[in-house]
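**Student:** Please read through the structure below; I'll follow up with questions.
The values are calculated or read from the model by the stated rules, or taken from the named source; none is laboratory data. Since the model is a prediction, treat every value here as computed from it, not as a measurement. Please note: Cβ atoms are built from the backbone with ideal geometry, for glycine as well, and neighbour counts cover all protein chains shown. For the accessible areas, the whole protein counts, side chains as well, though only heavy atoms, and no ligand, DNA or RNA atoms are used. Shrake-Rupley method; radii C 1.70, N 1.55, O 1.52, S 1.80 Å.
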Amino acid sequence: MDLTRLYSEHLDRLDQSLTDSLERAEASGLGLEGVVFHAGRGKVYHADDRAVVFYPNAHYRRWAPPQDGAEHCVLARPGQRPKVVRVRPQDYWFDTSAPPAAPWQDAVDFVEVASFDQVAAELGDLGGMAYAGDSTEAAAQLGIPRQRVEPAELMAPLDWHRAIKTDYGIALTRVACERAAGGHRRAKEVFLGGGTERDVHRAYLEGAGHLEFEVPFETIVAFDDKASILHYQHKRGAEAAPGRVLLMDAGGAHCGYASDVTRTTAREDVDPRFRGLIEAVDALERSLVAMVAPGRSYIDIHLACHRGIAEILVDTGLFAGSVAEALDWGITRVFMPHGVGHQLGLQVHDVGGHQAAPEGGLVSPPDGHVLRNTRTLEPGHLVTIEPGFYFIPMLLEPLRQGSHGSQLAWDAIDALTSYGGIRIEDDVLCTEDGYEDLTRELVGP
């Protein structure tokens, strides 16, 4: 993998998207010469000197690989080499040693300073520049007025273009997927060996080769009924072990790019009906992955997912009505209340998922549905496909008491509720010819 070449080609693509974004901003009445992308400003907890874990701004990371610390900047102007200013304080409380020189530095104008106060002098006249980052104070220090801090006329096309991944971004994502695969394999071993949620979490980190703060999002390690909590955040000990079912949602990271993978594992002695549901959801996920193709509306994949959930409800006898009734009456949204997935990239839930066009505007999810991505797929889009099937008491009870409650097999539902739920998720690249599943072969079923 020639990352030097891929990064150079990546910068060419970024220059094209920057040029287009500035032209669209100008057509909206905002003339700009370029953009300062700021990694961000470090923060501490209130009334404390303990630092909040710092994650660089994703738009900055798109131009320059992440480096330790905050405050770094990229000055990007169409047709010119980007200028990267790394801020490396002189300090003896923390290690601020320079990282090893990297090949990507040869493709940019690279300079290092000791404090953010020196950045403006290195960047020069910023009179026609916009600022993209998290600090209006930093923008003011650079001499950029508030009205040019992340103006909507600029950010909308920048966000839109982020959905198209370059070969460089895809190459880094593949490494993130490999890391996630190592973590999932190790976590599954520890779960089946009787480990606790905490043990499984630690095993994931070990298998992925990550420290706690390096994962792209907090791991979801849910045993049994906790799997019905979509973003379950705790890690229980021996009081909840061994689990009968593990829902593990965890990703890997590499050079700022993320992966996001979910698997549901059940022990051999789990109710055969629940094990059958896992197989059915996995088969549904495979059919939805195969729908990823250029020109396909992501909404269509989401609606196909709900039709698949309706078929599972009918085929298993959990719902006595028809597939059409399960959809029309909203029954499927009780058993799968989330969207079929989202865009993936420099952020786990990457930006621009609801945009109608580069200039902005929104494409809303279907009425009554939650969905993070409503765009029509194009080559280079990277999305997750993650159907689920859950037994969520706070959603089931209104259904039980409702006008269609008699159509549900409550004895079976009540027996299965203690297992929590199922989610299966892979990372899928839309290609010119269809799709490539980046995670299935690495992680396994």
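**Student:** Please compute the length gained on full extension between F217 and T431, using 0.36 nm multiplied by the number of residues separating them and subtracting their Cα-Cα distance.
**Tutor:** Numbers: separation 214, 0.36 × 214 = 77.04 nm, distance 2.63 nm.
Answer, rounded to one decimal: 74.4 nm.
**Student:** From the protein chains alone at 1.4 Å, what is the descending order of accessible area for F217, F94, largest first?
**Tutor:** On the way: F217 45, F94 150 Å².
Putting F217, F94 in descending order of accessible area: F94, F217.
**Student:** Quick one: Cα centre-to-centre distance for segment 53-111 and segment 271-346, in angstrom?
**Tutor:** After rounding, the separation between the Cα centres reads 43 Å.
**Student:** Also, quick follow-up: Short version: ³J(HN,Hα) in whole Hz for each residue of segment 345-354, in order, from phi by Karplus 6.51 cos²θ - 1.76 cosθ + 1.60 (θ = phi - 60°), x for Gly and Pro, what are they?
**Tutor:** For segment 345-354, the Karplus curve yields x, 6, 10, 4, 9, 6, 6, x, x, 9 Hz.
**Student:** How much accessible area per residue does the chain have, counting only protein heavy atoms and a probe of 1.4 Å, in square angstrom?
**Tutor:** 43
**Student:** If you don't mind, there's one more thing I want to ask. Taking a 1.4 Å probe, which of M394, M129 shows the most accessible area, and what order do the others take after it?
**Tutor:** M394, M129
**Student:** Treat every Asp and Glu Cβ in segment 334-414 as -1 and every Lys and Arg Cβ as +1, leave all other atoms uncharged, and give the resulting dipole magnitude about the Cα centre to the nearest 20 debye.
**Tutor:** Around 60 debye, computed over segment 334-414.
**Student:** Here's a follow-up. Return the distance in nm (one decimal) between the two label points of a simple spin-label model at L327 and Q147, each offset 7 Å from Cα along Cα→Cβ.
**Tutor:** Those two pseudo-labels are separated by 5.0 nm.
**Student:** Report the calculated FRET efficiency for E122 and H231 (r = Cβ-Cβ distance, R0 = 41 Å), to the nearest 0.05. Please list the in-between numbers first.
**Tutor:** Values: r = 41 Å, r/R0 = 1.01.
The formula returns an efficiency of 0.50 here.
**Student:** Separate question: Can you give the log10 of the normalised intensity I(q)/I(0) at q = 0.07, 0.10, 0.11 Å⁻¹, computed with Debye over equal Cα scatterers of the chain?
**Tutor:** For the chain at q = 0.07, 0.10, 0.11 Å⁻¹, log10 I(q)/I(0) is -0.40, -0.78, -0.92.
**Student:** Please compute the modelled spin-label separation between D2 and H349, points set 7 Å along Cα→Cβ, answer in nm with one decimal.
**Tutor:** Taking the two extended label points, one gets 4.0 nm.
**Student:** Under 13 Å from the Cβ of E441, count the other residues' Cβ atoms, weight Lys and Arg +1, Asp and Glu -1, and hand me the total.
**Tutor:** On the way: positive: R174, R185, R286, R440; negative: E178, D426, D427, E436, D437.
After counting each charged neighbour, the total is -1.
**Student:** Could you tell me the calculated FRET efficiency between A47 and D315, based on Cβ-Cβ distance and R0 = 41 angstrom, to the nearest 0.05?
**Tutor:** 0.10
**Student:** Something else about it: I need to check one value: relative contact order of segment 232-357, counting alpha carbon pairs closer than 8 Å and at least 6 residues apart, in percent.
**Tutor:** Result for segment 232-357 is 21 percent.
**Student:** A further question follows. Heavy atoms only, probe 1.4 Å: what % of the accessible area of segment 368-445 goes to carbon and sulfur, would you let me know?
**Tutor:** About 52 percent, which is the carbon plus sulfur part of the accessible surface.
**Student:** Right, here's the next one. Over segment 2-63, what relative contact order in percent results from Cα pairs under 8 Å that are six or more residues apart?
**Tutor:** 25
**Student:** Output the pairs from K43/K83; K165/K226; K43/K226 with a Cα-Cα distance over 30 Å in this structure; if there are none, say none.
**Tutor:** Correct reply: K165/K226; K43/K226.
**Student:** Among DSSP bridges having both ends in the chain, what percentage is antiparallel? Round to the nearest 5.
**Tutor:** Values: 36 of 46 bridges.
Bridges in the chain that DSSP calls antiparallel: roughly 80 percent.
**Student:** Once every DSSP H run of n ≥ 4 in the chain is given -39500 (n - 2.57) and the sum is divided by its residues, what mean residue ellipticity at 222 nm do you get, rounded to the nearest 500 deg cm²/dmol? Intermediate results must be reported in sequence, preceding the final value.
**Tutor:** Numbers: 14 runs with 157 residues, N = 445.
Only helices count here, giving -10500 deg cm²/dmol.
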